[in-house]
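To start, the structure itself, in structure tokens.
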Amino acid sequence: MPREVRHDATGPTKLDEDDVDEQKGDIAVCRCGLSSDRPFCDGSHRATEDEDEETVYKYEGDDDEKPRREIAEIVYVDEESSDGD
Ligand code: FES
């Protein structure tokens, strides 16, 4: 279920009354990180419905043939060596 999501925004989007969905009467804010209409939910979260609890995923946009990959390990380039070197 965990997933790596890249965010490019550097500030908030303020919501107002115009953001309310007239048909549903609510505001759905994306919490999965996959929406193309952030901060609003666009239904992209449906791609996460069959995620495995123990697997970390990377979603690769609109690639219909391979929309996500499983991540085996995340390596940080600025992390010091763990063996003391
Ligand atoms: S919660 Fe992210 S697209 Fe719906």
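The values are calculated or read from the model by the stated rules, or taken from the named source; none is laboratory data. Because the structure is a prediction, the values reported are computed rather than measured. Reconstructed Cβ throughout: ideal geometry from the backbone, glycine too, with neighbour counts over all protein chains shown.
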Condition broken by Val5, with the remaining ones in (1) in contact with a Phe, Trp or Tyr (Cβ under 9 Å, 6 or more places away or on another chain); (2) at positive phi satisfied = (2)
Pair list, Cβ under 7 Å, 6 or more apart: segment 36-57 residue over 28 Å from Glu73 (Cβ atoms), other residue assigned to a loop (DSSP other than H, G, I, E, B) and of a type in the set (Gly, Ala, Ser) | Phe40/Ala28; Cys41/Ala28; Cys41/Ser35; Asp42/Ser35; Asp42/Ser36
Could you list, in sequence order, all residues of segment 29-43 that are near the ligand (Cβ under 8 Å from one of its atoms) and in contact with an Asp or Glu (Cβ under 6 Å, 6 or more places away or on another chain)?
-> Ser35
Only listed residue being at pLDDT 90 or above and more than 16 Å from the ligand (Cβ to nearest atom), chosen from Glu51, Glu80, Glu70 = Glu70
Any chance Arg46 is at pLDDT 90 or above, within 16 Å of the ligand (Cβ to nearest atom) and among the basic types (Lys, Arg) | yes
Among residues belonging to segment 12-68 that are of a type in the set (A, V, I, L, M) and part of a loop (DSSP other than H, G, I, E, B), point out the one that is nearest to Pro2 (Cα to Cα).
-> Leu34
